[in-house]
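*Asks:* Encoded as structure tokens, here's the structure I'll be asking about.
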């Protein structure tokens with residue numbers, strides 16, 4: 001099954017006088033089996049995203065991604 005990940009704020013405004021401007025990343029849907037989708041939905045497993053251009057994949061937050069960088073937690 002697929003679940004829609006939360007939008008992720010990458011940066012707050014580039015103008016310090018205008019904090020309303022932000023850069024939002026819209027990530028692709030997450031494909032999970034029913035069991036993992038249930039665990040994520042219950043908050044027992046935290047999804048993470050690696051934005052390294054060689055990787056750009058999902059995994060468990062805090063663990064190493066395929067490129068070696070840790071997956072950064074996605075928050076709802």
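The values are calculated or read from the model by the stated rules, or taken from the named source; none is laboratory data. None of the values given here were measured: they were computed from a predicted structure. Every residue, glycine as well, gets a Cβ built from its backbone with ideal geometry; the counts of neighbours run over all protein chains shown.
*Asks:* How many residues does segment 18-50 contain that are farther than 16 Å from residue 74 by Cβ and at pLDDT 75 or above?
*Replies:* 4
*Asks:* Can you tell me which residue in segment 31-56 is farthest from residue 4 (Cα to Cα), limited to those that are under 9 Å from the mean Cα position of the chain (by Cα) and surrounded by 16 or more Cβ atoms within 10 Å (Cβ to Cβ)?
*Replies:* 50
*Asks:* With (1) in contact with a helix residue (DSSP H, G or I) (Cβ under 8 Å, 6 or more places away or on another chain); (2) free of Cβ contacts under 8 Å to residues at least 12 places away in the same chain as the list, and residue 43 as the residue in question, which single condition is left unmet?
*Replies:* (1)
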